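In what follows, a structure is listed as structure tokens, so that the remarks can point back to it.
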Amino acid sequence: MEIDLDLLTTLITKRTDEIETIVAGTGYLPRTVIGVGTFLLDNDGDVNLLTAKQRVTFEKFLKPLLEKHAR
């Protein structure tokens, strides 16, 4: 999957309310999801560098939000 890094930046800096909404009641913390997003930004969106737990977080929360806002 090709990640839109601009969209990811916007999501983790300006749309944190959407992250808070999607993680509500799941036991995950918004900062965990934001941390995975930051890691991806630092590594040019290379999801192959994610650990197993990070990949689950990405697949469960960030990927659906990115797909929702894809241009």
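The values are calculated or read from the model by the stated rules, or taken from the named source; none is laboratory data. What you see is a predicted model; the values in this text were computed from it and never measured. With ideal geometry, Cβ positions are generated from the backbone for all residues, glycine too; neighbour counts draw on all protein chains shown. Quick note on the areas: whole protein, heavy atoms, side chains included, nothing else; ligands and nucleic acids left out. Shrake-Rupley method; radii C 1.70, N 1.55, O 1.52, S 1.80 Å.
Could you list, ordered by first residue, the pairs with Cβ atoms under 7 Å in which the first is in segment 28-45 and farther than 10 Å from I12 by Cα and in contact (Cβ under 8 Å) with a residue 12 or more places away in the chain and the second is open to solvent by less than 50 Å² (accessible area, probe 1.4 Å) and outside any helix (DSSP H, G or I), at least 6 apart or interchain?
Correct list of pairs: L40/I3; G45/I3.
With the requirement that a residue be among the polar types (S, T, N, Q) and over 10 Å from the mean Cα position of the chain (by Cα), what does segment 1-15 give you?
Within segment 1-15, T10, T13 meet the criteria.
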